[in-house]
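Read the structure below first, then the notes.
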Amino acid sequence: MKAWILRSFRKGIITTKFPKEKNEAASPWSTIPVHVSGSKDPYCPTGAINDGTVKADLCISCGMCYPEFEPSMDIRGSVSKLSVPVLKKSIRLYHLDAGTCGACNLEVMALAGPHYDMARLGISFTNTPRHADALLVTGVLAPGMMEPLKKAFDAMAAPKVVFAIGACAISGSLLGKSISEVLNADVTVPGCPPDPFAIMDAIQKARGRQ
Amino acid sequence: MKQTRFAYIDDGKSLHTLGRFSEVYMSQETKEVNDFRQERSSGKDSTKLSIFPYGPSSGGMVESVYFDILTEGEKIEDIRYDTDFKNRAIKFTGLSLEEALLRMERMNGVHAASYSSLFCQICEKSMDMEITDDIKNLRVLMMEAERISSHLFVVSRLTGGASQNIAHMNTLLLRENLLRAIATAFGHRYFFGVNRIGGIGRPVNVKELGEQVMRISEEYGEIYHTLMDSRVFIDRLDRSAIIKGEQSSGPVMRGSGIKRDGRSSHRYYEGVQFNVPTSNGGDALARFIVRSEEIAESASIIEQAISGIGDIKLDSQDVHAVEGIISGGFMETPSGDASLILKIKSGHLEGIGFRSPSVLNMEAFAESIHGNTFADFLFGYESLGIWISEMGDFQ
């Protein structure tokens, strides 16, 4: 026990001050690329690039557009169609994996780790959709997850917010269908996978805290 | 196509199968592939048991998976699992090799470096492409950094489940530090887009990564030894989900005392000095010990790999057409050995056979959990490092 306590004191505080201060890290190619030189229409496997601009919802962070494009390092690329002030103090999240490669799941879970410590912002996970204010959906819509996704949404009490986290959930990316076949996402968080800072930023937007 | 215990391609006339840890496939006349699949059945009369349904989406699980847990009181008599809920049935055939590579990375995004390296290696071999030692060392570096990250995640699941909250947070802290160091060096926390057939796709900067990894490994060593002094933690893992024999993979197999690691016979690891940690218990504790000791070994491999990396050029080689070649290979991913066999024609995939380590480990888990209590379920399952994403079908 003593060893753990000493270890904690030695570590000090490592939690980010984001969103009050700028994010101290970002996964470069998970941010939306911007044109820097050369062709404005290099090969893109999802057709996300058109005349020098990138459709964030389609970008799968593959970097095939390098060297004409480079990462923007901007983690604030999420779009929220709504703002729910009643969730300003506290928001409970239910995460549902609709068909991921696993990476988005771990980036969502990273929010509970010591670097991000989402609890300091009144954000927490819940183990059942009945207690959730928001549904965080990751992955393409696998046929077998259509029913569980519908049931999870129906089980939630209003107000309820649906997040599509990552290119697969938003657009289906290379691997399948987007979740829009079953649910309309209120908030989209682009990236493959989105950086944890980008997910945190999106949650704050939906609560009207940005 | 469903995954079986072997990777195979059935082209209608012949069945091309790839054994474990092998790059050489065997061809034989097509027979029923179902021969490879062995149905498990419970010897118990299930009408006398309680069935506890768990999943497919439930708090506490990392991925979507469904279990029927058959119990008699607290004791688990059997489990049945269904991994098909999140089955993406990824399409590969008909695609160009570059397009297929992007999908292979996403077969299991958490082990993208291992899967993309395996895919590239098979394609390069089939096209007689010469890969520089710099690129080989870089791929080894990526895969070992991925191994540390993956093992730290498994340890965080075990410590979290056992309410060892300080150890849990410290492990997550180390993993996040590693992911940030990887992002700085490779431009992506999960190595997406780094590997290309014939080389790599963008500049990398690995100068500081070795030192950072060594620091993380040393810090984890302290956590590991402190955890091994915790009777509460050890008691949770001891004798949970005992697995013996070769019908498992990776740290699970090595945790049952079998000293077998695909890296020992893989061409990328020729000349690399490392030990293969084993433990004899076969339980969750043995797997925890193997993973913990592998973290230190991986840090040592990374040091060696970095010393073998010079100036990496981005001159990619052209993917040229080859006619009707079948080629296979294996890779020791953090969860165990994966086998992949490809049929390539005119720069496109005409057939694919794949077997992930999680297919073997899930079967082994289902066999092992009999007789354990409910509380052991989490430790048994999490200690295997199973990824449902890589168990899916492919086309």
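The values are calculated or read from the model by the stated rules, or taken from the named source; none is laboratory data. Bear in mind that the values here come from a model prediction, so they are computed numbers and not experimental data. Every residue, glycine among them, receives a Cβ derived from its backbone with ideal geometry; neighbour counts consider all protein chains shown. Calculation scope for accessible area: heavy atoms of the full protein, side chains included, ligands and nucleic acids excluded. Shrake-Rupley method; radii C 1.70, N 1.55, O 1.52, S 1.80 Å.
Mind checking whether some residue in region B:59-78 is over 27 Å from the mean Cα position of the chain (by Cα) and modelled with pLDDT under 65? Checked against the condition, which is being over 27 Å from the mean Cα position of the chain (by Cα) and modelled with pLDDT under 65, region B:59-78 yields no hits at all.
Across region B:72-107, the qualifying residues are those that are out of contact with any Phe, Trp or Tyr (no Cβ under 6 Å at 6 or more places or on another chain) and more than 14 Å from chain A (Cβ to nearest Cβ), and the one among them that is surrounded by the fewest Cβ atoms within 10 Å (Cβ to Cβ) is B:G73.
Can you pull out every residue in region B:121-143 that is within 17 Å of B:A338 (Cα to Cα), among the hydrophobic types (A, V, I, L, M, F, W, C) and within 17 Å of the chain's Cα centre (by Cα)? Across region B:121-143, the qualifying residues are B:V140, B:M142, B:M143. For region B:172-185, a residue qualifies if it is more than 9 Å from chain A (Cβ to nearest Cβ) and either more than 11 Å from B:A145 (Cα to Cα) or more than 20 Å from the chain's Cα centre (by Cα) (or both), and the qualifying residues are B:L174, B:A181, B:A185. Applying the criterion of at least 2 residues that are buried (at least 22 other Cβ atoms within 10 Å of the Cβ) to the strands (runs of 3 or more DSSP E) found wholly in region A:103-194 leaves A:134-139, A:161-165, A:187-189.
The residues of region B:194-213 include none that are free of Cβ contacts under 8 Å to residues at least 24 places away in the same chain and crowded, with 20+ Cβ neighbours inside 10 Å. Only one of the listed residues (A:V86, A:V36, A:V54) is under 25 Å from A:L135 (Cβ atoms) and aliphatic (A, V, I, L, M). That residue is A:V86. Scanning region B:365-390 for residues that are more than 11 Å from the chain's Cα centre (by Cα), of a type in the set (A, V, I, L, M) and open to solvent by less than 10 Å² (accessible area, probe 1.4 Å) yields B:A366, B:I369. Out of curiosity, is B:E294 open to solvent by 60 Å² or more (accessible area, probe 1.4 Å) and either part of a helix (DSSP H, G or I) or farther than 18 Å from B:L152 by Cα (or both)? In short, no. Checked against (1) among the small types (G, A, S); (2) within 14 Å of chain A (Cβ to nearest Cβ); (3) touching a residue at least 12 places away in the same chain (Cβ under 8 Å); (4) in a helix (DSSP H, G or I), B:S117 passes all but condition (2). Could we say that A:K17 is modelled with pLDDT of 95 or more, within 28 Å of A:D133 (Cβ to Cβ) and open to solvent by 80 Å² or more (accessible area, probe 1.4 Å) here? When the stated conditions are applied, A:K17 passes them.
Just to be sure before I move on: is B:S230 open to solvent by 10 Å² or more (accessible area, probe 1.4 Å), small (G, A, S) and under 24 Å from B:F379 (Cβ atoms) in the structure I sent? Considered against the rule, which asks whether it is open to solvent by 10 Å² or more (accessible area, probe 1.4 Å), small (G, A, S) and under 24 Å from B:F379 (Cβ atoms), B:S230 comes out as yes.
The condition of being part of a helix (DSSP H, G or I) and within 12 Å of chain A (Cβ to nearest Cβ) holds for only one of B:R157, B:R202, B:R215, that being B:R157. Residue under question is B:S339, and the condition is that it be crowded, with 24+ Cβ neighbours inside 10 Å and under 19 Å from B:G55 (Cβ atoms); does it hold? No, not satisfied. With the requirement that a residue be farther than 22 Å from B:V204 by Cα, open to solvent by 60 Å² or more (accessible area, probe 1.4 Å) and in contact with a Pro (Cβ under 8 Å, 6 or more places away or on another chain), what does region A:28-73 give you? Scanning region A:28-73 gives a single hit, A:D57.
Looking at B:E332, B:E390, B:E350, B:E323 in this structure, which one is in a loop (DSSP other than H, G, I, E, B) and among the acidic types (D, E)? Of B:E332, B:E390, B:E350, B:E323, the one residue that is in a loop (DSSP other than H, G, I, E, B) and among the acidic types (D, E) is B:E323.
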